[in-house]
Each structure stands twice: as structure tokens, then as C-alpha cells.
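Step one of this worksheet: look at the structure below.
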Amino acid sequence: DVKVTQSSRYLVKRTGEKVFLECVQDMDHENMFWYRQDPGLGLRLIYFSYDVKMKEKGDIPEGYSVSREKKERFSLILESASTNQTSMYLCASSSHQQYFGPGTRLTVT
Amino acid sequence: GEDVEQSLFLSVREGDSSVINCTYTDSSSTYLYWYKQEPGAGLQLLTYIFSNMDMKQDQRLTVLLNKKDKHLSLRIADTQTGDSAIYFCAETSTNRDDKIIFGKGTRLHILP
């Protein structure tokens with residue numbers, strides 16, 4: 001059974017904190033993605049990775065960075081969290097279809 | 001850039017059919033998808049269709065593709081309360097590897 005897991009379902013952080021969101025997949029997929037989902041805006045691609053140590057900017061990379069040290073793990077990093085980064089964050093991995101994790105709802109206060 | 005459009009909200013009476021529509025701009029699309037997101041959950045792939053097909057049926061779900069008009073629809077027969085969710089239309093093409101473009105999602109609301 002296909003599985004994408006995210007480290008937290010809910011997270012509350014303060015402005016200026018460094019935040020790590022972890023995503024792990026067990027399907028040996030090469031491609032992994034981070035999206036944020038906001039009401040009325042749908043899913044917006046932040047970063048994606050085609051292979052270990054490779055990353056590409058998506059549509060809204062500002063304020064974020066990523067790390068892919070191992071094939072199964074793709075981390076999203078908020079270097080200095082801000083209130084406008086309060087959102088639902090979804091990780092996905094793919095062959096030709098994308099499999100999604102359950103999401104992390106991040107609140108920055 | 002490429003785009004996927006869908007209406008944001010649909011209200012349907014329980015037992016009726018729901019039809020969710022989507023349009024896209026990329027004429028080289030290869031796969032088109034419908035994802036379902038239930039409250040508090042991630043996205044789950046409901047069904048997909050290859051661009052060389054015009055229809056796919058899977059139990060209560062029927063997907064219709066009009067490639068000429070770049071129009072995709074999802075029909076849910078005998079809509080149930082459990083169908084209440086956000087439905088995302090999405091597409092990809094071979095020249096974009098696995099990068100998928102999503103619509104903003106249609107919230108399906110079921111009336112008793």
C-alpha cells in the first residue's frame with residue numbers, strides 16, 4: 001500500500017522561528033513535491049525534487065528552502081517563519097500520478 | 001503558463017447526479033486527473049484518464065474528456081453525503097515530467 005507520511009498534522013510556531021516539515025515516502029519514487037493550500041487559491045507548488053540532492057523552485061519558493069539528502073525524505077524549511085506562512089502544507093511523491101500525504105496545518109503566531 | 005480552471009462550489013441534492021467541470025489550456029496534456037480531498041485530509045486520487053480516451057467509467061464515477069475543447073468533467077451518480085469534499089482537476093504532460101498543474105478545487109456540498 002502506497003504511503004506518504006508527514007511528521008506533524010498540526011504545528012504552531014512563533015514568528016521568526018525556524019520550522020522543519022518532514023515528508024517520507026515508501027514507494028521508491030524519484031520525484032517529490034511540496035505544496036501549500038490556501039482557501040480560494042488551491043494548491044501552489046513551493047519546491048520539487050527529481051532526485052537526491054536535486055531541487056527545483058516551484059511557483060512560490062520565496063521564504064522556503066528544501067533538503068533531499070535521501071530518496072525517501074523531502075524536507076521543507078521555513079528559515080524564519082512569518083504569519084503569512086500560516087497554511088496547510090501538503091507533500092506528494094509521484095510516478096505518473098501524485099500520492100499525497102495527510103498534510104500539516106501550520107499556524108504562525 | 002499552463003492553467004486549469006474549475007468552479008469553486010457546487011451544491012447537489014442527495015441522490016441526484018453531480019457534474020463537476022474543468023477546463024485546461026495545455027494541448028499536449030497526457031494524463032488528466034480527479035483528486036478528492038475530504039475535510040482535514042490530504043488529496044486522494046479518484047480516477048484518471050489518458051488524453052487519447054474520451055470516457056472512463058468506474059462504478060458511480062464517469063469521466064468525460066473533450067480534447068478539442070480541452071474540457072474534462074466528473075460525474076458522480078447517486079450522490080451520497082460521503083461524497084461531500086473538494087474535488088481537484090489536474091493535468092500533466094510528458095514535457096513537464098511529473099509536474100502536475102491543479103485547479104483550485106470545487107467544493108461539493110450535499111443537500112439532504
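Out of the stretch A:41-91, which residues are outside any loop (DSSP other than H, G, I, E, B) and of a type in the set (A, V, I, L, M)? The answer is A:LEU43, A:LEU45, A:ILE46, A:VAL66, A:LEU76, A:ILE77, A:LEU78, A:MET88, A:LEU90. The numbered conditions (1) buried (at least 20 other Cβ atoms within 10 Å of the Cβ); (2) assigned to a strand (DSSP E or B); (3) more than 10 Å from chain B (Cβ to nearest Cβ) are all true for A:PHE33 except (3).
Pick from A:SER94, A:SER49, A:SER87: which is closer than 18 Å to A:MET27 by Cα, under 13 Å from the mean Cα position of the chain (by Cα) and not basic (Lys, Arg)?
Working: A:SER94 fails: under 13 Å from the mean Cα position of the chain (by Cα); A:SER87 fails: closer than 18 Å to A:MET27 by Cα.
Step by step, each of A:SER94, A:SER49, A:SER87 is checked, and only A:SER49 is closer than 18 Å to A:MET27 by Cα, under 13 Å from the mean Cα position of the chain (by Cα) and not basic (Lys, Arg).
Applying the condition of being away from chain B (no Cβ under 14 Å) and small (Gly, Ala, Ser) to the stretch A:50-73 and asking which residue is farthest from A:CYS23 (Cα to Cα) yields A:GLY63. Considering the conditions (1) in contact with a Leu (Cβ under 9 Å, 6 or more places away or on another chain); (2) modelled with pLDDT of 95 or more, B:ARG60 is excluded by exactly one of them, (1). Take B:ILE76 and tell me if it is closer than 20 Å to A:TRP34 by Cα and surrounded by 14 or more Cβ atoms within 10 Å (Cβ to Cβ). So B:ILE76 does not fit the description; no. The set of residues from the stretch A:50-109 being over 22 Å from A:TYR10 (Cα atoms), of a type in the set (Gly, Ala, Ser) and touching a Leu at 6+ places or on another chain (Cβ under 6 Å) comprises just one member, A:GLY58.
All conditions in (1) more than 14 Å from chain A (Cβ to nearest Cβ); (2) under 12 Å from the mean Cα position of the chain (by Cα); (3) surrounded by 17 or more Cβ atoms within 10 Å (Cβ to Cβ) hold for B:ASP26, with the sole exception of (2).
If you go through the stretch A:37-58, how many residues are surrounded by fewer than 13 Cβ atoms within 10 Å (Cβ to Cβ) and in contact (Cβ under 8 Å) with a residue 12 or more places away in the chain? Don't jump to the end; show me each part of the working.
From the stretch A:37-58, those surrounded by fewer than 13 Cβ atoms within 10 Å (Cβ to Cβ) are A:39-41, A:51, A:53-54; that's our starting set.
Still in the running and in contact (Cβ under 8 Å) with a residue 12 or more places away in the chain: A:51, A:53-54.
Summing the residues that are surrounded by fewer than 13 Cβ atoms within 10 Å (Cβ to Cβ) and in contact (Cβ under 8 Å) with a residue 12 or more places away in the chain in the stretch A:37-58 gives 3.
Against the list (1) aliphatic (A, V, I, L, M); (2) surrounded by fewer than 22 Cβ atoms within 10 Å (Cβ to Cβ); (3) more than 10 Å from every other protein chain (Cβ to nearest Cβ), the condition A:LEU76 fails is (2). Residue count for the stretch A:79-101 satisfying the condition of being farther than 14 Å from A:VAL19 by Cα, crowded, with 16+ Cβ neighbours inside 10 Å and not aliphatic (A, V, I, L, M): 8. Filtered by the rule that a residue be in a loop (DSSP other than H, G, I, E, B) and touching a residue at least 60 places away in the same chain (Cβ under 8 Å), the stretch B:14-40 gives B:GLU14, B:GLY15, B:ASP16, B:SER17, B:ASP26, B:SER28. Of the numbered criteria (1) under 28 Å from B:THR30 (Cα atoms); (2) among the aliphatic types (A, V, I, L, M); (3) touching a Lys or Arg at 6+ places or on another chain (Cβ under 7 Å), the one A:LEU45 fails is (3).
The residue that is farthest from the other protein chains (Cβ to nearest Cβ), counting only those in the stretch B:39-81 that are within 20 Å of B:ASP26 (Cβ to Cβ) and of a type in the set (Lys, Arg), is B:LYS68. Please work out if B:SER11 is away from chain A (no Cβ under 14 Å), in contact (Cβ under 8 Å) with a residue 12 or more places away in the chain, under 27 Å from A:GLU56 (Cβ atoms) and of a type in the set (Ser, Thr, Tyr). No, not satisfied.
The values are calculated or read from the model by the stated rules, or taken from the named source; none is laboratory data. These numbers were taken from a predicted model, which means no experiment stands behind them. Glycine gets a Cβ as well: all are built from the backbone with ideal geometry, and neighbour counts include every protein chain shown.
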